[in-house]
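These notes concern the structure reproduced below.
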Amino acid sequence: MRMLEVIANVGHRDAVIRLAREHDALDIWTGHADEQERQAVRILIAANRYPELLDALEARLHASKDARIVVFPVDATLPRIEEKPSEEKEKSSVTASREELYNDVSQGARLDGNYLLLVALSTIVAAIGLLENNVAVVIGAMVIAPLLGPNMALALGTALGDTALMWQALRTNLTGILVAFAVALLIGLLRPMQQLSEELLSRTDIGLDGIALALASGAAAVLSLTTRVSSVLVGVMVAVALLPPTTAIGLMLGSGRPDLAGGAALLLATNIVCVNLSAKLVFLYKSVKPRTWLEQQKARQSMSAYIVLWLVSLAILAAVIYIRHGV
């Protein structure tokens, strides 16, 4: 459930209450008007119904400069409220509004010192795990998952037609990959490898089944965001496909093995393409889009263009993998 507190001029009170009832609010109550003639209306509503109500309230109050909508998560209420089953099957199971998605995802696209340090540290951890053939240490690097955020932000920015978020995500993603590569390259130069571990070799090749894995990982990541399910496991899944191969590229180049570095680069490129493609398709399926009609038209154009771009890229990479394996 969610609690929406709508603070607006008293003249909007009846319209806010009407919208809340139209969207099957579980409970509604109002406060007293203050000296500025603003009044608070609190609305308790089911999680899967509140994104639509939030859109309706934004459309109604967008011209009111002194209006504000505050959203609170609700863990429980007493007495217990029995939510009535919907007569019609819900078209979408999204329980997070675009504002919540934006707040959650945009934080992962921030390019600052903390992000760069996180990438560097996770790369060191991954490199140690790959060099020592230590699965537990590699998993430790996966849990940090610094490269997940920018890719999810890029997919959401495309879905919302948010150019600023898209460029920020691209810049952060590229910088993170370059930092990880540089750190891994330095480690490869300082610590020449006499024997390649199984963990490292596994990140220098990809088959067609790896494409399916990356597509599933990206889709699962977006599902966890839109349904407010814990994304810890999903973060691990996506990090498996992004950070270790980036580290493997640097290690192999630092050790004078460009042939294996090329295989790791192919793995990284394939997984980035697959993660972004599946994330965009899930956002499209979940109807995550801007509120206004004009913004929706712009977002639809950018979404279509990027889906075609990723599909073409995936087709090229799949052909390279097919040829590489000589099938």
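The values are calculated or read from the model by the stated rules, or taken from the named source; none is laboratory data. Note that the structure is predicted; figures quoted are calculated from it, not measured. Don't worry about glycine lacking a Cβ; one is built from the backbone with ideal geometry, like all the others, and counts go over all protein chains shown.
A residue that is in the same structural domain as ALA319 (by TED's automatic domain parsing), modelled with pLDDT under 85 and not small (Gly, Ala, Ser) occurs nowhere in the range 251-260. Is one or more of the residues making up the range 287-306 at pLDDT 80 or above, part of a helix (DSSP H, G or I), assigned by TED's automatic domain parsing to the domain that holds GLY157 and of a type in the set (Phe, Trp, Tyr)? Yes, the conditions are met somewhere in the range 287-306. The residues of the range 178-196 that are surrounded by fewer than 19 Cβ atoms within 10 Å (Cβ to Cβ) and modelled with pLDDT of 85 or more, listed by number, are LEU178, ALA182, LEU186, LEU189, LEU190. Based on what the data block shows, is ALA265 touching a Leu at 6+ places or on another chain (Cβ under 8 Å) and modelled with pLDDT of 85 or more? It is false that ALA265 is touching a Leu at 6+ places or on another chain (Cβ under 8 Å) and modelled with pLDDT of 85 or more. Might you let me know whether the range 209-225 holds any residue that is among the charged types (D, E, K, R) and under 13 Å from ALA248 (Cα atoms)? No, the range 209-225 contains no residue that is among the charged types (D, E, K, R) and under 13 Å from ALA248 (Cα atoms).
Table: residues versus (1) more than 27 Å from the chain's Cα centre (by Cα); (2) farther than 23 Å from MET152 by Cα.
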position	(1), (2)
GLN168	no, no
ALA184	no, yes
LEU196	yes, yes
ARG203	no, no
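For the range 136-148, filtering for residues that are modelled with pLDDT of 80 or more, crowded, with 24+ Cβ neighbours inside 10 Å and in a helix (DSSP H, G or I) leaves 2. Put simply, of THR175, THR123 the only residue that is within 16 Å of LEU243 (Cβ to Cβ), at pLDDT 85 or above and in contact with a helix residue (DSSP H, G or I) (Cβ under 7 Å, 6 or more places away or on another chain) is THR123.
If I ask for residues that are in contact with a helix residue (DSSP H, G or I) (Cβ under 9 Å, 6 or more places away or on another chain) and hydroxyl-bearing (Ser, Thr, Tyr), which ones from the range 186-228 would you list? Of everything in the range 186-228, those that are in contact with a helix residue (DSSP H, G or I) (Cβ under 9 Å, 6 or more places away or on another chain) and hydroxyl-bearing (Ser, Thr, Tyr) turn out to be SER197, SER202, THR204, SER217, SER224, THR226.
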